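Quick notes on the structure that follows.
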Amino acid sequence: MKYLFSLFSTGVRTMGSSIFNAPRIKPVKSVLAALMMAIPMVLSTSAIAQTTVAIAQIPLLALKSAPGLVMLTMSRDHRLFYAAYNDSSDIDGDGVVDVGFKPTITYYGNFVSDRCYDYITSGTNQPLFRPKALATPAGCTVGATQRWHGNWLNWATTSRMDALRRVLYGGYRVYDNTTTLGSPYFTSTVLQGATIPRDSHVWGKEFRPLRDAYNITQYTNLPTPTVGKQHLFVVLSPNFTANTSAGFASPPAPVLRYITNADQTTERIWQWASADIAFGIGNPTANFTKGGGRSSVSAGTPDYVLKVEACVPIGGAVETGCTGYPTASPTVWKPTGVLHDYSTTDALKFGLLTGSYQNNYSGGVVRRNITSFKSEVSQTNGTFTDANGIAKTIDRINVQGYTSTTYDCGYLTTAQRNEGACKSWGAPIAEMMYEGLRFFSGKGAATSIYTNGVATGMDNTLGFASPVAWQNPFQSKLQSATYGNPICSRPVQMVIADPLTSFDSDQLPGSFWSAAPNFGQMALPSNDLAGLSVSVESDAIWTAEGLGSRNVFVGQSDTVSDGNPTPKLSSRFSRLRGLAPDQTQSEGTYYSAGVARFGHNTGVPLGAPTGSPPVPTVNNRPVDTISVALGSLTPKIEIPNPAGGVVTIVPISKGVSGGGIVKTPGVYQPTGAITGFYYANATASSVTVVVNFSDSDQ
């Protein structure tokens, strides 16, 4: 359960930081379970000075007599579907990058880190992994019985979306029933991993005997590699096509695919996992010709489908994180998350706002009004009951438009794609947060440009609910037993996103940036949130942090724009966009911090819903913002400087010819997204890294 997300410190800071250091890392479940522990808080990544706060073990909002009201404001960008553990981070905080699996780290995911699993290929809902025994300190091999270790499977197979689903509500239940899969296995739930397209989202792992100080036979059912060899692993969803016409109610499961006894020198994981589709990515054979090795290597085994039985009793007890139903005398056990935990007594109530596929560059859509999460769960047997609740909505978030070899939006190198193309790209977080403030202020209706076409477009095809009619969460319970709450309930936005935002520069009040053609520019009501100017708010943060005039690594500063993460002079946040290092042309900004600052310092009127008895209007009620930022995809290479400090190297790829690209300065040239980062070799005096880039922005 460690270190997948960052909980930001108290104070107003900036999101998408390309200037400053990475945020302090906290254990994943404690971060999400904490929710409102460190109030007041606002959205940030990190600043020059980092503040570490003592975090209580019970959310402060949960201690109040009135429930805390939490709007989960969540991205649905494709960056959610990369690996949770990228082999380029210092997970345990010991100052050394954790390359490869480390048994001393507890990895979080759909598997249980202290269980040993068999892979079952016949029977109900098979194939899947089934827990059969508790792991010993040595691992999962006892005598001649060799099994898969849950901690190793979490490290190798967990995506960022898997971790989010698991922490929030126990994971994506592909089988959710009250009937069991047959004695002596009493599970009624099977969890499935997120769908991973057969493109640059595929990730790979190596077991290298010369590097990895653990016994592979204790963590998998594979033999030790022969001398000079290694084992390679990839995660992907084979033969995956997002059928946009039929919807995506049952997304295909990913698989764990491996090659045994690959050559340690000529057959490296990036030549398989990060190769172009034509050179073998995701195929049963791996092409190593570019590395000088043999032309192909047989996988030699079937794919291991990433489904797992949950809440199976071992030694008479189910794993931590399972809840028994009904409470008085449990007969069914279900995997649960923090939304379940804080709905037991409704200490916290939750709503959901996400980006849309239809308007992928424009704001977000309220998918669920703030109410008790208990309404989504049968209190008799623990199954999910609401087809369009928070859990089912997040389950439906997947990468869209993939047609087994490419995306339906085609290949473009000469300009940024228009809104509506490449629907899985786009994370306009600041605009989503603005919509969240509007929700709490009792506006009563969504921003039309954010929701236009959503009811009948791609979101509808995928099974998402139509944009819901907003319910003021501060109406009295006499007006609505479902949505009513005391006027003293504390409103909070909890933002779940990648630190690098995109396309959130123009559809906000007070934006410096003029209308962007084909990017959905709208004319906002003149006083929709009275007093909000994102430029004023974000510039106040710059001033408060004493940043003066300085060079910032960013794609654009005012009129200076080359789409590269190069230093550009600035004296304010409001005129910066294009976050470094690989989102420099996607128009992401620091406005999210400005929206958060306004919500906390100025606040919004809660509004008085009509009806009887009347509820008084409360002016300037603060809305706090907490951010759960997914661990950065961007590798960080730091070299100690003998004179003090460090030199940081950030890889960059730029298209300068071919595909119609014009290399004239100032003309659009694509910045390649970083899609793979590998420590190839390391000695006492040198380190060799391999970086894989996409050859376009999307």
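One table, with the values for the structure above:
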| quantity | calculated |
| --- | --- |
| Orientation-averaged projected area, Cα convex hull of segment 646-685 (nm²) | 5.1 |
| At most 14 other Cβ within 10 Å, DSSP loop - chymotrypsin sites (Phe, Trp or Tyr not before Pro), segment 374-455 | Tyr411 |
| Computed over segment 354-406, Cα set: Rg, Dmax in Å | 14.6, 45 |
| Calculated over segment 326-473: convex hull of Cα atoms, volume per residue (Å³) | 132 |
| Extent along principal axes [Cα atoms of segment 77-137; Å; largest to smallest] | 46, 38, 14 |
| Environment charge at Tyr119 (Cβ cut-off 14 Å; Lys +1, Arg +1, Asp -1, Glu -1) | +3 |
| Anisotropy class of segment 616-698 from Cα gyration tensor, a/c 1.5 cut | oblate |
| Global geometry of segment 297-393, whether rounded, prolate or oblate, following the gyration tensor of its Cα atoms and the 1.5 cut on a/c | oblate |
| Total formal charge among the other residues, if their Cβ is under 9 angstrom from that of Gln400, Lys/Arg +1 and Asp/Glu -1 | 0 |
| Cα convex hull of segment 458-602, projected area averaged across orientations, nm² | 11.5 |
| Segment 300-348 shape via C-alpha gyration tensor axes, a/c threshold 1.5 | oblate |
| Extension reserve of the Thr179-Asn681 stretch, reckoned as 0.36 nm per residue once the Cα distance is removed | 175.7 nm |
| Residue-by-residue Karplus 3J(HN,Hα) for segment 115-122, coefficients 6.51, -1.76, 1.60, Hz, glycine and proline x | 10, 10, 10, 9, 9, 9, 10, 9 |
| Where Rh is the Kirkwood radius over Cα pairs, Rg/Rh for segment 541-696 | 1.12 |
| Separation of the Asp118 and Thr224 label points, Cα + 7 Å toward Cβ, nm | 2.6 |
| Peptides 81-93, 461-473 ordered by average Cβ neighbours within 10 Å, highest first | 81-93, 461-473 |
| Of Lys102/Lys229; Lys205/Lys229; Lys334/Lys392, pairs whose Cα-Cα distance is over 18 Å | Lys102/Lys229 |
| Cβ crowding within 10 Å averaged over residues, with 162-170, 654-662 ranked highest first | 162-170, 654-662 |
| For segment 637-642, 3J(HN,Hα) per residue [Karplus equation, 6.51 cos²θ - 1.76 cosθ + 1.60, θ = phi - 60°, Hz, x = Gly/Pro] | 10, 10, 10, x, 9, x |
| Length gained when the stretch Val468-Thr217 is fully extended (0.36 nm per residue, less Cα-Cα span) | 85.2 nm |
| Local electrostatic count at Val536 - Lys and Arg +1, Asp and Glu -1, tallied over other residues with Cβ under 12 Å | 0 |
| Cross-link reach list, aspartates and glutamates versus Lys423, counting only Cα pairs under 12 Å and skipping chain neighbours closer than eight places | Asp77, Asp408, Asp459 |
| Per residue convex hull volume, Cα atoms of segment 110-197, in Å³ | 117 |
| Sequence-distant aspartates and glutamates (8 or more away, or on other chains) whose Cα lies within less than 12 Å of Lys663 | Asp562 |
| Per-pair calculated FRET efficiency, R0 = 30 Å: Ile314 and Thr385 via Cβ, rounded to 0.05 | 0.55 |
| Contour minus Cα-Cα distance for Thr456 and Thr664 (0.36 nm per residue) | 70.7 nm |
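No value in this document is a laboratory result; all are computed from the given coordinates. The structure displayed is predicted, hence computed values, not measured ones. Positions of Cβ are generated from backbone atoms using ideal geometry, with glycine treated the same way; all protein chains shown enter the neighbour counts.
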